[in-house]
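*Asks:* Dropping a structure here in structure tokens format, bear with me for questions.
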Amino acid sequence: EGEDELLLSESKEILLYARRDYTWVDGFSLQENRDLLAAYVTPNDPAVEELLRRAANYTSSGQIWSTYGGHVDDEGGGVWDRLQAVWQAEKEYRLTYVSTWVSFTPEASQRVRLPYEVLEQSGGNCIELVFLYASAVEAMDLECAIVLVPGHAYLAVRTDQENANYYFIETTLIGQAGFDDALTYGANSWEADGPKVAAGEESYGWVRIGDARSAGILPVPWR
């Protein structure tokens with residue numbers, strides 16, 4: 001008869017996570033949880049675009065271009081040239097390895113710096129430095145993957161779209177060594193880790209960013 005009537009009043013406590021809290025999701029498979037890391041790869045972040053603008057100064061042409069251009073196994077060195085340019089540009093931010101990952105959440109989780117925060121704070125841990133580099137790589141429309149091993153992560157970048165050949169980059173060497181050293185270290189690491197990843201050994205795996213995107217895992221908002 002036009003009178004308000006309360007049918008149900010109920011409240012419950014919920015836990016909200018910050019964007020920076022990477023946590024394990026119950027009910028997801030091991031690979032599904034790993035694939036969520038792709039959300040922290042943010043190629044459309046203006047800070048990443050600024051990094052690439054600086055990287056253009058270090059390429060042989062003075063430009064940054066997209067895709068593989070039809071080259072096979074990086075014939076002509078265009079992929080290598082852009083990757084080393086990103087390394088040189090990162091040095092302008094005085095990046096170095098900084099591991100501070102504590103998260104005050106009840107479940108197993110890790111606090112993660114987003115790529116723009118790595119640039120602003122001039123540092124990050126292994127996975128955060130990988131997120132930054134992978135963001136630049138994806139912004140150039142190149143294919144990459146995050147290699148996960150016990151207690152560590154490094155980056156893999158495909159040399160073309162036809163073969164399963166990769167450059168492996170040890171991103172924690174930024175500020176300590178040159179790009180060639182980072183590639184050598186990464187290649188040596190993959191020589192030991194690759195067979196374990198292929199065999200599906202526990203704590204070894206990788207996240208192909210393109211596959212994660214196809215599965216609907218998009219970049220988180222950068223601000």
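The values are calculated or read from the model by the stated rules, or taken from the named source; none is laboratory data. Bear in mind the structure is a predicted one, so any value in this text is a computation, not a measurement. Here the Cβ positions follow ideal geometry from the backbone for every residue, glycine too, while neighbour counts run over all protein chains shown. Just so you know, the surface numbers come from the protein's heavy atoms only, side chains and all, with ligands and any DNA or RNA stripped out. Shrake-Rupley method; radii C 1.70, N 1.55, O 1.52, S 1.80 Å.
*Asks:* In debye to the nearest 20, how big a dipole does the stretch 1-126 give about its Cα centre with +1 on each Lys and Arg Cβ and -1 on each Asp and Glu Cβ?
*Replies:* Around 1080 debye, computed over the stretch 1-126.
*Asks:* Do the sum for the chain: with -39,500 (n - 2.57) for every DSSP H run of n ≥ 4, divided by all residues, what is the mean residue ellipticity at 222 nm, to the nearest 500 deg cm²/dmol?
*Replies:* Mean residue ellipticity at 222 nm (helix-derived): -10500 deg cm²/dmol.
*Asks:* Ignoring everything but the protein chains, give the 1.4 Å probe accessible area of K91 in square angstrom, nearest 10.
*Replies:* In the full protein context, K91 sits at about 100 Å².
*Asks:* Between A85, F28, S66, whose Cα lies farthest towards the positive end of the dipole of the chain when Lys and Arg beta carbons carry +1 and Asp and Glu beta carbons carry -1, centred on the Cα centre?
*Replies:* Highest projection toward the positive end goes to A85.
*Asks:* To the nearest 20 debye, what is the magnitude of the charge dipole of the chain about its Cα centre, counting +1 on the Cβ of each Lys and Arg and -1 on the Cβ of each Asp and Glu?
*Replies:* Taking the Cα centre of the chain as origin, the dipole is about 840 debye.
*Asks:* Okay, moving on. When the Cα centres of the stretch 1-26 and the stretch 135-149 are compared, how far apart do they sit, in Å?
*Replies:* Spelled out, the Cα-based centre of one part sits 36 Å from the other.
*Asks:* If r is the Cβ-Cβ distance from T96 to L30 and R0 is 30 Å, what FRET efficiency results, to the nearest 0.05?
*Replies:* 0.45
*Asks:* Work from the charge dipole of the chain (Cβ charges, +1 for Lys and Arg, -1 for Asp and Glu, about the Cα centre) and give the residue of L16, Y204, M140 farthest towards its positive end.
*Replies:* It is M140, whose Cα lies furthest towards the positive end.
*Asks:* In percent, what relative contact order does the stretch 157-223 have, based on Cα pairs under 8 Å that are 6 or more apart in sequence?
*Replies:* 18 percent
*Asks:* On full extension of the chain, what length is gained from R53 through L16, given 0.36 nm per residue of separation minus the C-alpha to C-alpha distance? Working shown, then result.
*Replies:* Working: separation 37, 0.36 × 37 = 13.32 nm, distance 3.60 nm.
Net length gain for the segment: 9.7 nm.
*Asks:* Ranked from the most accessible area to the least, with a 1.4 Å probe and all protein chains present, what is the order of S11, S135, S61? Don't jump to the answer; show the numbers that get you there.
*Replies:* Numbers: S11 110, S135 0, S61 65 Å².
From most accessible down to least: S11, S61, S135.
*Asks:* Compute, for the stretch 105-181, the length of the dipole vector about the Cα centre, with Cβ point charges of +1 (Lys, Arg) and -1 (Asp, Glu) only. Units Debye, rounded to 20.
*Replies:* Magnitude of the dipole: close to 260 debye.
*Asks:* I need the calculated FRET efficiency for the pair Q110 and D141, taking r as the beta carbon distance and R₀ as 22 Å, to the nearest 0.05.
*Replies:* Working: r = 29 Å, r/R0 = 1.31.
Between Q110 and D141 the formula returns 0.15.
*Asks:* Counting only protein heavy atoms and a 1.4 Å probe, tell me what percentage of the chain's accessible area is made up of carbon and sulfur.
*Replies:* Ligands and nucleic acids excluded, carbon and sulfur reach 49 percent.
*Asks:* Assuming 0.36 nm per residue, please report the length gained on full extension of the stretch L218 to W65 beyond their Cα-Cα distance.
*Replies:* Difference between extended and current length: 52.8 nm.
*Asks:* Rank S109, V149, Q161 by how far each Cα sits towards the positive end of the charge dipole of the stretch 69-164 (+1 on Lys, Arg Cβ; -1 on Asp, Glu Cβ) and give me just the farthest.
*Replies:* It is S109.
*Asks:* Another question, if that's okay. Looking at the square roots a ≥ b ≥ c of the eigenvalues of the Cα gyration tensor of the stretch 1-143, which shape do they give, rounded for a/c under 1.5, prolate if a/b is larger than b/c, or oblate?
*Replies:* Verdict is prolate for the stretch 1-143.
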